[in-house]
Structure formats: C-alpha cells, structure tokens
1. Just checking, how many residues over the stretch 35-60 are on the phi < 0 side of the Ramachandran plot and more than 14 Å from ligand 2 (Cβ to nearest atom)?
2. In the stretch 310-342, how many are hydrophobic (A, V, I, L, M, F, W, C) and under 16 Å from the mean Cα position of the chain (by Cα)?
3. Report yes if His167 is part of a helix (DSSP H, G or I), surrounded by fewer than 21 Cβ atoms within 10 Å (Cβ to Cβ) and not small (Gly, Ala, Ser), otherwise no.
4. Among the residues of the stretch 124-159, what is the count of those that are surrounded by fewer than 24 Cβ atoms within 10 Å (Cβ to Cβ) and in a loop (DSSP other than H, G, I, E, B)?
5. Name the helices (runs of 4 or more DSSP H) wholly within the stretch 213-309 that hold at least 2 residues that are over 20 Å from the mean Cα position of the chain (by Cα)?
6. Please work out if Gly91 is of a type outside the set (Lys, Arg), over 22 Å from Ala305 (Cα atoms), touching a strand residue (DSSP E or B) at 6+ places or on another chain (Cβ under 9 Å) and in a loop (DSSP other than H, G, I, E, B).
7. Taking into account only those residues within the stretch 170-198 that are assigned to a loop (DSSP other than H, G, I, E, B) and aliphatic (A, V, I, L, M), which is surrounded by the fewest Cβ atoms within 10 Å (Cβ to Cβ)?
8. Are there any pairs with C-beta distances below 6 angstrom linking a residue in the stretch 252-268 that is farther than 18 Å from Thr204 by Cα and in contact (Cβ under 8 Å) with a residue 12 or more places away in the chain to a residue that is open to solvent by 10 Å² or more (accessible area, probe 1.4 Å) and acidic (Asp, Glu), with the two at least 6 apart or on different chains, and if so which?
Amino acid sequence: MRAVRLTAWQHEPEILDIPVPEPGPGQVLIKVAGAGVCHSDLHVMDWPEGALPYEIPFTLGHETAGWIEQTGAGVEGWSTGEAVAVYGPWGCGRCHRCAQGMENYCERAQEIGAAGGGLGRDGGMAEYMLLPSPRLLVPLGDLDPRTAAPLTDAGLTSYHAIKRSLHRLTPGSTALVIGIGGLGHVAVELLKALSPATVIAVDTAPGKLDLAKRLGADHTLPGDQDTESRVRDLTSGRGANLVLDFVGGQQTLALAAACASVLGEVAIVGLAGGDLPVGVGRLPFECPVSVPYWGSRPELMEVVALARQRRITPHVETFPLEQALEAYRRMREGELAGRAVLLPHPA
Ligand code: FEH
Ligand code: ZN
Ligand code: ZN
C-alpha cells in the first residue's frame, strides 16, 4: 500500500509502498478515508533527531477517519465497512487518566514514547491503518469519513480548549481566536455553537478572516499594531474573557496577554514556541494561562455528535495521497483555507 513515511529527521516525508498490516488479536485494521494535514507535522519533520521520543521510519497522519476493514481475534461489536473516527492520542489504556478516556494525558506517556498513530507509530496517511485496540474508535454514523477526519484533532483540540473554559463565556462575554488555520476556524464554529460569547477572530491573512466571518465570527481583525486597541474598543475596555492562541508565537502570545481581561484566561494551543512572562503587571489579575493538549475520547464523541447535528462542519480542502508534499507546502506557505485532508482512495 502507499504511505507517507517519515524516513529521516529534518527531511520531507517520502511516499513509499509498504505492506498492508495484518490485524493481530485485539487489533483493528481500517481502510483510511481521510487523513488530515496538521501544522504539528511540520514540527515533527523539522525538529532534529532526539527532539522527539519517536523511532523513524513511521507513517505520518494523526488525524484520521475511515471504514472498518478487518478486526483481529477477540474484537467484537464492530462491523466491516462501518465509518469510524480514530482517537489520536494512544496512551497505555490502563492508568487512572486513560481509564477516564484522557489518553492525551496518559501517566505513562514518557515510558511509552510515541504519542500515537502518525506521532511515532504508523499513522493514517496511508491506504490502511492498524489500530492497537478498538477502544480508539468512535463511530461516525452518517458522517462521511473522508471529510470527518479533522474532527479528531482540529475539532477535538479546539473543543477541549473551549469546553474547559465555557464557564467564562457568559452572555456579554468575548472570546478572542488568534490564528484562523486548521484549528482556529473550527474554534470559531464551536464558540458560536456552544456559547453566547461575542467572537473576535484575528489573523494576518484576509482570506482566513473571510472564512472566520462565514463561520460566524462577530468581528474579524487583522493581526497588526492596532489589534489590541481594537479589541479593547470592541469590549468596552474590558478585554476578552477567553483568548485562544492557535499560533503560540512570541507576538501572538504578547497580543493574547494584552487582550485578556481581568478574571479571563489565555489558552496556548499553537506550537510556535513563544513564551509568555507571568507575574504582577504581566497579565491581568486572576487571568490564568493554560496549555491544553488535544482532548479525551468522550470529548471526541461529543465533537462527532456536534458534527452529526451539523452544528460544526470543518472546512476541508482535499488532496490525493500522492499530493501529500504539495499539501504540506501549501500549509507551510499559509495558502490553505481550513484543513487539508489527504484521500488515499479518491472516490
Ligand atoms: C501533535 C504533536 C505534539 C503536540 C501537539 C500535537 C497536536 O497536533 C495534536 O493535537
Ligand atoms: Zn495535530
Ligand atoms: Zn495511560
């Protein structure tokens, strides 16, 4: 089968032919319908050997959906052809956090090393993907797995970051979304679906602000030297009750801190590696800074439920698997609107 493989650190991936995996006892083989292209993959490719606890080669793709192809011995309750989403963080499945479905925060993550399929284990940018356990599957019902793949990462990561702060988003509140990329555009939809907050979207690309507007953002602002004062004007000087930084760079974090309100919160989701000084006078009073990571399996079920109600629909641009490098190039250049999804089996 064809697969997008990371074969060397600090190199582009290669599209190679590798054997279709055979599910052993307790395992599940899925036919991949869609594999999302995530900005984190660029960090995985760019970071030097040793920066990540992963062994190469492995197949990329940690945002996957497909159809059940074959179940291993002992796997029951799943039928061939069923549309499924793949829960991306693969923990030990046994610790106190995994037992609650929070494999994103597995207590044995350090011991395990690889974070999941596409993150040190073979992922979904291939014709087929082997899962170590059916516990990582979420049924998609009537959703098309070709375009539902972004629910598992862009959707789930944004949903978790928002859900944990919903108590701050009361009527009259404001949520500020910085970076309207793969995750940020879904965050705009989620905020409008889940809260009464006024949503302000910030990006440097006009096309991304247009997308945010189409998805329901109440205001869109270019990221520049006037952004902070314009956020203050829009919030009668109070600032934003929740700031979601999907870039995580030095400038966007400084903007996030400057735009947050007293009793607000800054959530750093983007991996650009900026840092944010914390201390008296550096942030508003009682304004915590959090670094949420991905989400739990129950939360993925909630995201799928929202998508099945058509209350969120990730904006997807599809590419055949063979154009994976083009998709990564377009993402690196900031030329994508929404999320790029690779189709190993174009209809
Ligand atoms: C992947 C690897 C490391 C950090 C964060 C991520 C996210 O893309 C997963 O949601
Ligand atoms: Zn990701
Ligand atoms: Zn665990």
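The values are calculated or read from the model by the stated rules, or taken from the named source; none is laboratory data. Quick caveat, the model's predicted, so the values are computed rather than measured. All Cβ positions, even for glycine, are placed from backbone atoms using ideal geometry, and neighbour counts span all protein chains on display. Accessible surface areas use protein heavy atoms only, side chains included; no ligands, DNA or RNA. Shrake-Rupley method; radii C 1.70, N 1.55, O 1.52, S 1.80 Å.
1. So the first thing to find is which residues in the stretch 35-60 are on the phi < 0 side of the Ramachandran plot, and the list is 35-49, 51-60.
Adding the requirement that they be more than 14 Å from ligand 2 (Cβ to nearest atom) leaves 46-49, 51, 53-59.
Residues flagged as on the phi < 0 side of the Ramachandran plot and more than 14 Å from ligand 2 (Cβ to nearest atom) within the stretch 35-60 amount to 12.
2. Taking the stretch 310-342 first, the residues hydrophobic (A, V, I, L, M, F, W, C) are 312, 316, 319, 321, 324-325, 327, 331, 336-337, 340-342.
In the following step, the residues that additionally are under 16 Å from the mean Cα position of the chain (by Cα) were identified as 312, 316, 331, 336-337, 340-342.
Qualifying residue count for the region: 8.
3. Spelling it out, His167 is indeed part of a helix (DSSP H, G or I), surrounded by fewer than 21 Cβ atoms within 10 Å (Cβ to Cβ) and not small (Gly, Ala, Ser).
4. So the answer is 8.
5. 227-234, 250-259
6. Values: of a type outside the set (Lys, Arg): yes; over 22 Å from Ala305 (Cα atoms): yes; touching a strand residue (DSSP E or B) at 6+ places or on another chain (Cβ under 9 Å): yes; in a loop (DSSP other than H, G, I, E, B): yes.
Here the answer is yes, as Gly91 does meet what is asked.
7. To start, the set of residues in the stretch 170-198 that are assigned to a loop (DSSP other than H, G, I, E, B) comprises 170-173, 179-183, 195-197.
Next, only the ones that are aliphatic (A, V, I, L, M) stay: 180, 183, 197.
Details: Ile180: 30, Leu183: 28, Ala197: 24.
Taking the candidates together, the pick is Ala197.
8. Leu263/Glu286
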